[in-house]
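The values are calculated or read from the model by the stated rules, or taken from the named source; none is laboratory data. Please read these numbers as outputs of a predicted model, since none were measured by experiment. For neighbour counting, all protein chains shown are included, and Cβ atoms are generated from backbone atoms with ideal geometry for every residue, glycine included.
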């Protein structure tokens with residue numbers, strides 16, 4: 001089932017669109033926290049985003065730009081501000097389509113279905129993992145935080161991926177070493193410690209202090 005993230009602050013519109021999507025066997029998730037759209041985006045990992053322009057705190061253009069930094073997911077703007085300037089701006093920000101309010105539900109669903117077919121007949125959605133505002137894109141192995149891309153080595157990425165996949169759970173040193181054994185290089189206890197320390201320094205440098213917690217004698221976790 002395709003997941004659609006609805007970023008619309010009018011509860012009447014978002015509820016009506018979500019209800020219509022159910023009839024088309026689509027899983028609709030409405031954003032609740034408009035301060036943390038990217039956190040909900042990462043948690044939902046949608047196949048398509050419906051995005052209004054006028055939103056609390058930050059407008060739709062802002063969130064479109066943030067999404068485009070970490071994902072190529074299709075974005076359709078839905079807005080009453082449908083003059084040519086706004087349509088052009090939306091497309092320049094990375095939107096795939098623009099539908100003016102008020103819109104016909106049937107037309108909206110047809111456009112969504114067409115966009116999903118064009119996108120996912122050939123490619124699968126790329127998961128984005130999120131924690132404390134840090135976004136780990138598993139498609140290009142990049143970590144982004146506060147608009148800064150953190151350059152990770154392959155081993156650092158594998159360690160962080162294992163920890164973020166098990167958020168809130170301790171990952172043993174043995175399990176992390178198994179992840180590092182996927183490389184051609186020999187990995188021992190000291191190599192793991194060195195990689196963890198280097199990763200922590202990179203996270204600290206962008207403001208992600210105490211992102212990784214050590215459980216002495218057991219392993220590591222993020223929580």
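Assorted remarks:
- Among the residues of the stretch 187-204, those identified as under 18 Å from residue 151 (Cα atoms) and without any contact (Cβ under 8 Å) to a residue 12 or more places away in the chain are 194, 197, 201, 204.
- Scanning the stretch 23-38 for residues that are assigned to a helix (DSSP H, G or I) and modelled with pLDDT of 90 or more, we see that the one that is farthest from the chain's Cα centre (by Cα) is 37.
- Restricting the stretch 190-207 to residues that are surrounded by 14 or more Cβ atoms within 10 Å (Cβ to Cβ) and out of contact with any strand residue (DSSP E or B) (no Cβ under 6 Å at 6 or more places or on another chain), the residue that is modelled with the lowest pLDDT is 191.
- Checking each residue in the stretch 129-167 for being touching a residue at least 40 places away in the same chain (Cβ under 8 Å) and at positive phi picks out 132, 133, 146, 147.
- Here the strands (runs of 3 or more DSSP E) wholly within the stretch 103-176 that include at least 3 residues being surrounded by 14 or more Cβ atoms within 10 Å (Cβ to Cβ) and at pLDDT 85 or above are 128-131, 134-137, 142-145.
- Residues within the stretch 208-223 that are at pLDDT 85 or above and touching a strand residue (DSSP E or B) at 6+ places or on another chain (Cβ under 8 Å), tallied: 11
- Of the listed requirements (1) modelled with pLDDT of 85 or more; (2) surrounded by 15 or more Cβ atoms within 10 Å (Cβ to Cβ); (3) farther than 15 Å from residue 152 by Cα, residue 187 misses just one: (1).
- Test: residue in the stretch 9-20 that is outside the structural domain of residue 135 (by TED's automatic domain parsing), closer than 27 Å to residue 140 by Cβ and in a loop (DSSP other than H, G, I, E, B): no
- Residue count, the stretch 67-93 (criterion: surrounded by fewer than 17 Cβ atoms within 10 Å (Cβ to Cβ) and under 17 Å from the mean Cα position of the chain (by Cα)): 3
- Whichever residue in the stretch 34-47 is under 11 Å from residue 7 (Cβ atoms) and in contact with a helix residue (DSSP H, G or I) (Cβ under 7 Å, 6 or more places away or on another chain) and, among such residues, is surrounded by the fewest Cβ atoms within 10 Å (Cβ to Cβ): 38
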